[in-house]
Every structure is written in structure tokens, then in C-alpha cells.
Amino acid sequence: MATAALTADSFPVPRASAPSAQRTGWWGRLFARPVQSMRGVVYPPFCLVCDVDLEDPDESFCAGCLAEMMRVGESACQRCALRVGSFVATSHGCLACRRQNHRFDAAIRLGIYEGKLRETCLSFKSVHNELLGPALTRLFLRYQGEFLRSVHPDMVVAVPLHFVRHFRRGFNQAESLARCLAAELQLPHRSRILKRVRRTRPQSELKRDERRENVHGAFRARPAADLKEATVLLVDDILTTGATCSDAARALKAAGAARVVVAVVARSQE
């Protein structure tokens, strides 16, 4: 069956907004306080970026780091999540991404790849910092949860590492984040649906015009993947040129996916 052409208008991307307070009944607060107090004694909470002690055991970042990581009210391109001016029309993409011919339909990010958020992303690549997966998921739901749910995804898929790199690192940060997001959104986490079939050079070592060629044809959906007319939430840690997510989206759509929406922790302004 033919499907209608998809544009970024299909995915209205709101600006990040401040979190709304959640109300809890008196009975919930009564039982939560002693549990939180004991947890604070056994596992003293500290900021996952700067290691400062935290007063609230439910938080993972201090107010200073959080304020720098999350620029509330900042405008972003609806198609590629690049930071743009407040009055720039991006319903069909910004000037930068119109030339890229991305295969994904929209992108959402927590913030810009700089400062504290850059430190967090680099730390997230270490197996010793897998706690950042749940912490960043909570931020996603707090600041961008409305958008993630409005997309109505059918499943969550992470951008995979090549098996050699995965073996050496022992950990895929995108997989950790995708697993946590799927659990919180109550969606299937299809960890094996997308495969990296070609070992590529790290994108960070290449110039902008070399990155798309580097990952061209690097991904393939498994033959048994049932993606007919599905909306896929594709998760990665950093979006720079969009070449990696674009080729992953190409593979998902070749297997039948109707829409691919990218969710990343940080968007590079390079």
C-alpha cells in the first residue's frame, strides 16, 4: 500500500520546557521519606558530572550542571535538532540539514554537545558509567517526554556498534539508553533488529564530507525484522553530521519501517 510522503511537519518538535511538579498523595510521601533517608545513608547521592553531594536522592545531577546541560527554551531544527534562532522557520528543516538529505524524519536531543553535556557524553562511553543510562532517561522524560510520546513509536532501536568495537569496549551507551527509554515508555526494545555489517573508522576521526561515505551501507536490518509500517525511535548518544543515524534509518526503512525518529543525548553544532 502506498504511504503518504513524510515531512518534518508530521513531527512537531516543541522546545525543551521546564519540568512540571508531580503531585504525590500524603500516604506516598509518608512511606517515601524513610526509604529515601535510608537510601541516602547507604548510597549517598552525588552529581554524576562533578561529584558534588546532592540533597535529593532522586536527582542525578546538581543544579549547576543541570542548568548548563539543559538550555530551557532553546530553539532547535525540527528535522535535525540543530540549534537555530528563535524566529527561523524549520518545518522543512534548517539550511544545514536541507543539503544533507537525511533518511530519518525528525530528531530530538537533550542539549548541545558542549560543556557539561559533552563531559557527560564522553563519560557515558565508559563501562564504569552505565548509571548514566537511567539518569539521562529521566532527563529525557522530564524535558522531552511529551514529544517522545506524541510520536507514537512502535519500538525503540539503538544504533549498534560493530561487534569488534563492542567486544573491545564491552558496552554500547546507545543500547543502555534505548533499553531504559523503552522500559519507561513501555515499548518493545528491539536490540537485535539492526546490525552493523561493516566495520568503519570512528566518525570523530573524519572530516565532515568523509563521514557519510564512511558509514554508507554500514547497517542492515535482520531478515526476520517485522517493521511493516512501524514508527521506530532510533537512539544514539551524539548526532554530529547525522550520517550514522541516516544510514541506520535507511536500513530500517528498507525493511519496511514507515517513520524513523532519532533521539540523542547531544547535538553537535559543528
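When D236, D226 are checked against the criterion of being closer than 27 Å to F147 by Cβ and buried (at least 20 other Cβ atoms within 10 Å of the Cβ), a single residue qualifies: D236.
Residue-wise test of (1) farther than 26 Å from R220 by Cβ; (2) out of contact with any strand residue (DSSP E or B) (no Cβ under 7 Å at 6 or more places or on another chain); (3) in a loop (DSSP other than H, G, I, E, B).
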residue: P57; (1), (2), (3): yes, yes, yes
residue: L66; (1), (2), (3): yes, yes, no
residue: R79; (1), (2), (3): no, no, yes
residue: G85; (1), (2), (3): yes, yes, yes
residue: H92; (1), (2), (3): yes, yes, yes
residue: A96; (1), (2), (3): yes, yes, no
residue: L110; (1), (2), (3): yes, no, no
residue: L141; (1), (2), (3): yes, yes, no
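Just so you know, in region 186-218 the residues that are crowded, with 17+ Cβ neighbours inside 10 Å, charged (D, E, K, R) and in a helix (DSSP H, G or I) include one that is modelled with the highest pLDDT, and it is R211.
Against the test of being part of a helix (DSSP H, G or I), surrounded by fewer than 22 Cβ atoms within 10 Å (Cβ to Cβ), among the hydrophobic types (A, V, I, L, M, F, W, C) and touching a residue at least 60 places away in the same chain (Cβ under 8 Å), the options A135, A183 yield a single qualifying residue, A135. Residue count for region 59-82 under the criterion of being surrounded by fewer than 16 Cβ atoms within 10 Å (Cβ to Cβ), touching a residue at least 60 places away in the same chain (Cβ under 8 Å) and more than 23 Å from G133 (Cα to Cα): the result is 0.
Would you mention how many residues in region 116-132 are in a helix (DSSP H, G or I) and open to solvent by 40 Å² or more (accessible area, probe 1.4 Å)?
To start, the set of residues in region 116-132 that are in a helix (DSSP H, G or I) comprises 116-124, 127-129, 132.
Adding the requirement that they be open to solvent by 40 Å² or more (accessible area, probe 1.4 Å) leaves 116, 118-119, 122, 127-129.
Residues that pass the stated criteria total 7.
The values are calculated or read from the model by the stated rules, or taken from the named source; none is laboratory data. All values reported here derive from a predicted model rather than from experimental measurement. Backbone-built Cβ (ideal geometry, glycine too); neighbour counts: all protein chains shown. Protein only, heavy atoms only, side chains kept; ligands, DNA and RNA dropped before computing areas. Shrake-Rupley method; radii C 1.70, N 1.55, O 1.52, S 1.80 Å.
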